[in-house]
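Structure first, commentary second.
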Amino acid sequence: MAFSASRCLFSISPGFSTSLSSSPSSSSSSSSLFPCNLYSGSVQTRGISLDQRRRCQWSTFVCKQMEAVKPSSGAKEVVLDKESSLMGRSVNGALPTTSSLSSKDNGENLGLIGEDKEITVTITVVGASGDLAKKKIFPALFALYYEDCFPKHFTIFGYARSNMTDAELRIMVGKTLTCRIDKSENCDQKMKEFLSRCFYHSGQYDSEDNFSKLDEKLKEHEAGRISNRLFYLSIPPNIFIDVVKCASTSASSTSGWTRVIVEKPFGRDLESSSALTKGFKQYLDEDQIFRIDHYLGKELVENLSVLRFSNLVFEPLWSRQYIRNVQLIFSEDFGTEGRGGYFDSYGIIRDIMQNHLLQILALFAMETPVSLDAEDIRNEKVKVLRSMRPLEIENVVVGQYKGHVKGGVSYPAYTDDNTVPKGSLTPTFAAAALFIDNARWDGVPFLMKAGKALHSKRAEIRVQFRHVPGNLYKNTFSVDIDRATNELVIRVQPDEAIYLKINNKVPGLGMRLDRSKLNLHYAAKYSKEIPDAYERLLLDAIEGERRLFIRSDELDAAWKLFTPLLKELEDRKIHPELYPYGSRGPVGAHYLAAKYNVRWGDINAENYKT
């Protein structure tokens with residue numbers, strides 16, 4: 001999905017279902033070729049997408065309905081009349097915030113709601129002085145502002161224990177902002193405008209009095225408007241509940257919605273995760289909690305379901321009948337290097353596999369949802385997770401990188417990091433074979449591996465299809481029959497691409513086969529820069545779109561799958577297999593793949609530049 005100003009200016013729910021007339025020919029061909037296409041509302045027609053047309057109709061509709069909204073004192077949710085609620089959104093689901101409307105196109109009074117009250121959005125970054133806030137959250141907020149995704153009235157607050165003035169916050173944030181989006185406009189001016197909306201409040205994370213003073217500041221900037229408040233918890237998980245309690249009781253909106261974005265990790269195991277969820281729900285409803293996994297906001301992960309459900313060529317192949325194995329690969333070409341304190345208490349399984357890779361697996365393997373509604377999609381993901389076979393230690397390999405000298409350069413071991421305890425058994429690499437015990441995927445191995453200090457940086461999904469029965473050309477491939485199978489590769493990062501490997505005859509008088517690629521290389525196809533995952537997810541949270549956020553029962557199902565394995569690894573003090581810094585990982589990972597007659601697809605992977 002291209003990141004465009006049209007989404008930001010009109011912002012419509014996927015549930016919006018007003019039918020638009022189309023030519024009989026297009027209608028009939030669509031229904032006959034791909035029944036129940038989830039994405040039919042977004043297909044381009046004569047240069048203008050149906051989605052864009054609906055946005056235009058929606059903006060007109062909202063103007064007529066604004067008078068129907070009567071916010072009550074203390075309400076956290078304001079619902080439109082019966083007709084508008086059928087469109088799929090309440091204020092708690094992002095209507096009628098002006099992030100859904102463009103003041104440029106609809107006049108100055110479009111922000112009016114009810115009794116001549118305008119709407120404002122306030123985003124409070126809790127933990128504003130931390131690395132995540134500086135490197136990701138504030139730059140993402142600026143990118144959204146640059147793309148006109150914020151309403152006319154909005155404010156950004158930083159909250160942390162550090163003593164800092166508004167001016168000091170702006171200097172700190174200003175150093176992280178870039179003009180990457182559109183260098184043809186006056187980016188310096190945009191930065192000044194954005195920074196003028198940024199303020200700071202110093203306080204303790206467990207002080208209701210400090211949050212009450214924050215509330216007073218927020219009210220000053222909201223100036224009597226309908227206030228919608230988003231709190232981003234960029235803090236360690238051990239203080240999540242303190243902040244949620246204080247924000248909910250002392251700084252919650254009394255007229256609009258209040259939402260909280262929670263940054264991972266969501267606990268260390270099922271017990272601690274359940275305790276966090278129970279703590280949250282003392283002060284928040286489930287639909288106020290947005291558990292963020294930034295990998296779900298990446299463009300190629302977002303495109304995964306589009307690729308499958310909107311292309312007839314793939315959907316019939318998406319099962320055990322045609323797919324031999326699926327590989328989810330994550331690798332980094334650097335180690336912890338002074339940042340091992342946090343990592344050592346979690347390890348690669350908790351840090352990457354239990355959340356990022358498992359979420360991608362659930363999206364990949366789910367059944368077709370009833371609609372694109374968030375709950376319908378999350379329901380199908382939960383079904384996948386609950387159908388998965390418990391992880392056995394025989395199907396897992398763990399490793400830890402050791403020191404290595406390459407090209408005259410000495411690379412440190414994991415335990416050489418001063419922030420890592422000596423003799424640590426925390427894995428920096430893990431590979432696992434997982435199985436989904438349902439009719440679609442029975443017997444198909446889902447191989448997952450993740451590691452640090454490996455030979456390359458990549459995140460990709462590799463789908464290896466079955467051999468062609470009675471392949472006439474098998475002798476042309478000699479004994480390496482695996483090279484004759486088709487493979488679909490979805491490269492999430494870097495240098496995003498989707499390509500399908502096919503067999504092809506090399507031109508000439510002889511019969512020689514070659515492996516070729518049908519390639520969608522994003523940098524070559526699309527000139528527009530791909531947005532950062534945090535931009536998409538922050539915008540979704542403001543709009544109330546929950547599709548890419550993790551629900552509590554989904555989180556429980558994920559932890560139930562991994563908790564017994566993690567407990568066994570720790571109780572038995574299993575030593576990870578050592579592998580050299582900059583290598584392809586432990587040899588054991590290759591034996592694990594071979595156990596299921598599989599070869600890791602990244603062993604002979606192509607260069608990234610295509």
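In segment 119-263, the portion of solvent-accessible area held by carbon and sulfur atoms comes to 46 percent [1.4 Å probe, whole percent, DNA, RNA and ligands not counted]. Tell me the Kirkwood radius of segment 192-232: reciprocal of the mean inverse pair distance over distinct alpha-carbon atoms, in Å. Taking every pair of different Cα atoms in segment 192-232, averaging 1/r and inverting gives 11.7 Å. Packing, taken as the mean count of other beta carbons within 10 Å per residue, orders the peptides 317-329, 126-138 from highest to lowest as 126-138, 317-329.
The simple Förster model, with R0 at 25 Å and r as the Cβ-Cβ distance, assigns Y342 and I393 a FRET efficiency of 0.50. In terms of packing, defined here as the mean over residues of other Cβ atoms within 10 angstrom, the peptides 261-270, 200-209 line up highest first as 261-270, 200-209.
Looking at the square roots a ≥ b ≥ c of the eigenvalues of the Cα gyration tensor of segment 374-476, which shape do they give, rounded for a/c under 1.5, prolate if a/b is larger than b/c, or oblate? The shape class here is oblate. When the accessible area of segment 365-419 is split by element with a 1.4 Å probe, what percent falls to carbon and sulfur? Carbon with sulfur: 49 percent of the solvent-accessible area. Taking amide H atoms as placed 1.01 Å from N in the peptide plane, the amide H of E118 lies under 5 Å from those of I113, I226, each 5 or more residues away in sequence or on another chain. Computed over segment 530-610, the percent of Cα pairs more than 18 Å apart is 72. Amide H to amide H, with H built 1.01 Å from N, A413 comes under 5 Å of G403, counting only residues 5 or more places away or on other chains.
Cross-link list K264/K298; K264/K567; K381/K560; K136/K449; K264/K560: which exceed 22 angstrom alpha carbon to alpha carbon? Flagged as over cut-off: K136/K449. Taken along the Cα-to-beta-carbon direction at a fixed 7 Å, the label points for R515 and T249 span 6.1 nm. Across segment 119-263, Cα-Cα pairs farther apart than 26 Å form 20% of the total. The alpha carbon centroids of segment 391-413 and segment 260-336 are separated by 26 Å.
Among 242-251, 541-550, 411-420, sorting by the average number of other beta carbon atoms lying within 10 angstrom of each residue, highest first, gives 541-550, 242-251, 411-420.
Over segment 119-263, accessible surface divided per residue gives 38 Å², non-protein components excluded, 1.4 Å probe. A 1.4 Å probe run over the protein chains yields, for segment 321-460, 35 Å² of accessible area per residue, whole-number rounding. Annotation: extensible slack from V313 through Q282 equals 6.4 nm (criterion: 0.36 nm per residue apart, minus Cα-Cα distance).
The values are calculated or read from the model by the stated rules, or taken from the named source; none is laboratory data. Everything numeric in this text was worked out from a predicted model, so none of it was measured. Methodologically, a virtual Cβ is constructed for each residue, glycine included, from the backbone with ideal geometry; neighbour enumeration extends over all protein chains shown. Calculation scope for accessible area: heavy atoms of the full protein, side chains included, ligands and nucleic acids excluded. Shrake-Rupley method; radii C 1.70, N 1.55, O 1.52, S 1.80 Å.
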